Structure formats: C-alpha cells, structure tokens
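> Sharing a structure below in structure tokens format, with a few things to ask.
Each reported figure results from applying straightforward, stated rules to the coordinates on display, with no laboratory input. The shown structure was predicted, so the numbers you read here are calculated from the model rather than taken from an experiment. Here the Cβ positions follow ideal geometry from the backbone for every residue, glycine too, while neighbour counts run over all protein chains shown.
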Amino acid sequence: MTHAVAIVPALNRADTVGATVTALRTVPDVLDVIVVDDGSRDRTAAAAAAAGARVIELARNRGKAAAVAAGIAASGAPDVYLLIDADLGDSAALAADLLQPVAQGEADMTIAVFDAAESQSGFGLVKAFAARVLRSETGLELAEPLSGQRAVRGPLMRSLQLAPGFGLEIGLTLDAADRGARISEVEIGFSHRQTGRDLSGFAHRARIGRHVYLAVVARTGWPKAVSSLVASLLSRIISAASRVPVRGRGQRLSSAARHSWQRARQFRLPRLVRDLRSWRPLRRRRTRGP
C-alpha cells in the first residue's frame, strides 16, 4: 500500500475547501490531508478542520510555495505527495487517477491536464512562456505547464528547493527534469474556480507571470528567460491577430469569425494588432532610368 499525503494550500477558500477535503479523504492511499491556511481572512481553517483535515495556520500570507513547504515539513516522509488546490471541491476525488502512475512506479511526477473548457483563462502569455521554456530546457511538450494539481514521488519532492510564490510549478518541473525524473501528464476532469477577466483577475495573472518569470531566471539565466518571453509574446500576438476575420464590403461574418472578433475585442487588442491580418507591405515600384 502506498502512503500518500495530500497538501492543500488555501487562501480565503472557506467556500470550497471543505468539499475538497471531503473528496480527498475518499481517495485510496491518501492517509492524511493537510490544509495549509495561508493567512486567510475568512473561516478557511475552520471549514477544513470540520471536514477532517489536519490544519496548519500561517500567521500571514506567505505565498503558495511557502504554504506547500509548510505542509511538506509537517508530513513526515510519505511515499507520494498530492498537491491539490483548495477550489477543486467534489472533483478532487479524481486525484486517484493522478496518484496511480506514481504509486505504481510508472512516473516520478504527474501533472493534471484539465478539460479544455476549464483551462481557458486570459491571454495565455504566461502559459505559453512556461511551455516554451520547458520545451527548450527539458524537451518536454506539456499542455498544462502551470497546473497546480500534481502527484510527486516523496523522496524527489523532499529533495527539491521550491521556487517562491506562484513560481512553484514551473520550478518543480524544471528541477525534477534536471534530476532525470519521469514526468507525464494525465487528463483529468477536475473543475475549479476560474480567475475572472476583470481588473483583479488580470492583476492576479500578472503576479503569477512575475513569479513564473523570476523562477525561470533563477534556473536558466535572464538572457534565455527574456528571449523566451519575447518569443512567446510575439507568438500570442500573431495567434490572436490570425483569428481576427477580414471581410469585404457586403459580406457577413460566420459564427466562428464573429467569435474570434468578439474574443479579440474582449482583450482590447490595439487596432494595429487587430489589423495585422489584413495588412500588406507596399511594394516598391521600379523606376526606369533616364
């Protein structure tokens, strides 16, 4: 039997952490569920304890990586760690599929891939940047390079130096690959609370992007990090521009074209970017000599 410990970092998740803990306690081989309350201002700790979790309360918000580190320090020496976000609710029971390959010795780290509808969020720059860095540095082609839902072999997890904040996931993957770990993705129907596309949502994604960038700089150096970031930005701009429809006078847009146009407007792309697809460089006319 595999001894697995689930670590759930939580910040102001009183609404979902109880259901998440209850679901995790049904997963075979999960002998302990540790919720690390990362300085919440609501009843996260009380809700987690009521659901049967062992709760560690941090006096102030220290970030996701620090919360996970606190959970690892209190876990003993399990065979496998499950890293699970507090907003999965009832779907956290599907973590059994994430745990199985590691428990059976088929992988050292597994990463959950959400359904397409669940994985959509912002402009996609940070995700594209992380995927490009991993492809360049490790050869891994990951669909969800920043997924927080993971199973990691115990000795491997305890040997890694965690990247601060939201740099946790990219740091885990880069460091584990550097040690020759077997890393694979598993498609799982998790559901979670998506970050909104309002001002606070984009501010949150900006913080994630900053942490991911700093974790990459610490591991690859700033020249590689900058070149990957620029390449990812250009790729996302071109991709977004290519979805903008071009129509002639009197033509109606198809439903797919309207969707692309609405998506471009939603992100408020500059007019120059929106017009890239219809732009054509002027050709110089050859002039004859006298």
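> Using the per-residue mean of other Cβ atoms lying within 10 Å as a proxy for protection, in what order, highest first, do the peptides 56-65, 90-99 fall? All intermediate terms of the calculation are to be shown ahead of the outcome.
Details: 56-65: 16.7, 90-99: 21.2.
Packing order, densest peptide first, comes out as 90-99, 56-65.
> For region 51-61, in order, what is each residue's ³J(HN,Hα) by Karplus, 6.51 cos²θ - 1.76 cosθ + 1.60 with θ = phi - 60°, in whole Hz (x at glycine and Pro)?
Residue by residue, region 51-61 yields 7, x, 8, 8, 10, 10, 9, 8, 5, 9, 5 Hz.
> Any chance you could check the Cα centroid distance between region 1-79 and region 154-217 for me, in angstrom?
18 Å
> Let me know the shape class of region 153-232, please: from the alpha-carbon gyration tensor, a ≥ b ≥ c as square roots of the eigenvalues, rounded when a/c is under 1.5, otherwise prolate if a/b is greater than b/c, or oblate.
On the way: a/c = 1.97, a/b = 1.19, b/c = 1.65.
It comes out oblate by the Cα gyration axes.
> With each pseudo-label sitting 7 Å past Cα toward Cβ, what's the ASP79-VAL230 distance in nm, one decimal?
4.9 nm
> Here's another thing I want to ask about it. Report the label-to-label distance for THR220 and ALA206 in nanometres (one decimal), using points 7 Å from each Cα along the Cα→Cβ vector.
2.4 nm
> Show the residues, 5+ positions off or on another chain, whose built amide H is closer than 5 Å to the amide H of ARG13.
THR44
> Please state, to two decimals, what the Cα-based radius of gyration of region 4-196 comes to when divided by 2.2 N^0.38 Å (N = residues).
Values: Rg = 15.4 Å, N = 193, 2.2 N^0.38 = 16.3 Å.
This ratio for region 4-196 stands at 0.94.
> Could you order the peptides 76-86, 20-30, 226-236 from most to least packed, using the average number of other C-beta atoms within 10 Å per residue? Display every interim value, and only then the final one.
Numbers: 76-86: 22.2, 20-30: 20.3, 226-236: 15.7.
Ranked from most to least packed, the peptides come out as 76-86, 20-30, 226-236.
> Still on this structure, please answer the following. HN-Hα J couplings of region 10-24 from phi, Karplus 6.51/-1.76/1.60, θ = phi - 60°, integer Hz, Gly and Pro as x?
9, 9, 6, 10, 4, 6, 10, 5, x, 5, 5, 5, 4, 5, 5
> Okay, moving on. Can you list residues from other chains, or at least 5 along the same chain, whose modelled amide H is less than 5 Å from the amide H of VAL36?
Result for VAL36 returns VAL8, ALA10, ILE56.
> Which three extents, in angstrom, do the Cα atoms of region 15-58 have along their principal axes, listed largest first?
Here the Cα extents, ordered largest to smallest, are 32, 18, 12 Å.
> Could you tally the net charge around MET1, taking each other residue with its Cβ under 11 Å from the Cβ of MET1, Lys/Arg +1 and Asp/Glu -1? Show your work: numbers first, answer last.
Values: positive: none; negative: ASP29, ASP79.
Around MET1, the surrounding residues sum to -2.
> Okay, next question. Considering only region 4-196, what is the antiparallel percent among its DSSP beta bridges, to the nearest 5? Present the calculation step by step, with values, prior to reporting the outcome.
On the way: 7 of 28 bridges.
Taking every DSSP beta bridge with both residues in region 4-196, the antiparallel ones total about 25 percent.
> Same structure, new question: Tally Lys/Arg at +1 and Asp/Glu at -1 over every other residue whose Cβ is under 13 Å from the Cβ of ILE34; what's the total?
Values: positive: ARG25, ARG54; negative: ASP32, ASP37, ASP38, GLU57.
Taking every other residue near ILE34 into account, the sum is -2.
> Among 39-49, 202-212, what's the highest-first ranking by average C-beta atoms within 10 angstrom per residue? Intermediate values should be presented prior to the final figure.
On the way: 39-49: 19.4, 202-212: 17.0.
Listed from highest to lowest mean packing, they are 39-49, 202-212.
> From the alpha carbon gyration tensor of region 30-115, can you work out the equivalent ellipsoid semi-axes (sqrt of 5 times each eigenvalue) and give them in Å, largest to smallest?
One finds semi-axes of 24, 15, 12 Å for region 30-115.
> Each residue of region 73-81 in turn: what ³J(HN,Hα) in whole Hz from Karplus with 6.51, -1.76, 1.60 and θ = phi - 60°, glycine and Pro shown as x?
Couplings: 4, 9, 8, x, 9, x, 6, 9, 10 Hz.
> Return the long-range amide H neighbours of VAL186 (sequence gap of 5 or more, or a different chain), with a cut-off of under 5 Å between placed amide H atoms.
ILE111, ALA112, VAL113
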